[in-house]
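Have a look at the structure below before the remarks.
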Amino acid sequence: MQKKIPQRQCMGCRERKAKKEMIRVVRCTDGTVQLDFSGKVNGRGAYICPSLECLKKARKSQSLDRSLEVTIPQEVYDRLEKEMANG
């Protein structure tokens, strides 16, 4: 029997993909927003594909802000862009 692969929806393109292929953005219990590469940080998470196109769509529609119920700081978007560029 094959093990089930966890799927998550991208906040940019809205496609469902394997959780490990995506970047998790977390709103921690203290209200701060950070990137979570381990997938283990406590808090509310939202996922985005590691592509600049998805980041642009998510930023324009503010889907990350709505999903995490907080305004995403500019530094988080900048770090996401940097991570995707280094890829």
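The values are calculated or read from the model by the stated rules, or taken from the named source; none is laboratory data. Please read these numbers as outputs of a predicted model, since none were measured by experiment. As a convention, Cβ positions derive from the backbone with ideal geometry for all residues, glycine included, and neighbour counts pool all protein chains shown.
The table that follows gives values for the structure above.
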| read-out | value |
| --- | --- |
| Condition broken by GLN9, with the remaining ones in (1) at pLDDT 95 or above; (2) surrounded by fewer than 14 Cβ atoms within 10 Å (Cβ to Cβ) satisfied | (2) |
| Members of segment 36-87 found to be more than 12 Å from the chain's Cα centre (by Cα), farther than 19 Å from LYS17 by Cβ and in contact (Cβ under 8 Å) with a residue 12 or more places away in the chain, listed by number | VAL41, ASN42, GLY43, GLU69, VAL70, PRO73, ALA85 |
| Filtered residue count, segment 20-38, keeping only those that are farther than 18 Å from PRO73 by Cα and surrounded by 14 or more Cβ atoms within 10 Å (Cβ to Cβ) | 1 |
| Residues within segment 1-35 that are under 13 Å from the mean Cα position of the chain (by Cα) and on the phi > 0 side of the Ramachandran plot, tallied | 1 |
| Candidate set from segment 39-71 (those that are surrounded by 12 or more Cβ atoms within 10 Å (Cβ to Cβ) and of a type in the set (Val, Ile, Thr)); member that is farthest from GLY12 (Cα to Cα) | VAL41 |
| Which numbered condition PRO50 misses (of (1) out of contact with any strand residue (DSSP E or B) (no Cβ under 7 Å at 6 or more places or on another chain); (2) closer than 15 Å to LEU80 by Cα; (3) in a loop (DSSP other than H, G, I, E, B)) | (1) |
| Test result for GLU83, assigned to a helix (DSSP H, G or I), exposed (fewer than 15 other Cβ atoms within 10 Å of the Cβ) and at pLDDT below 95 | yes |
| Odd one out for MET1 among (1) assigned to a loop (DSSP other than H, G, I, E, B); (2) touching a strand residue (DSSP E or B) at 6+ places or on another chain (Cβ under 9 Å) | (2) |
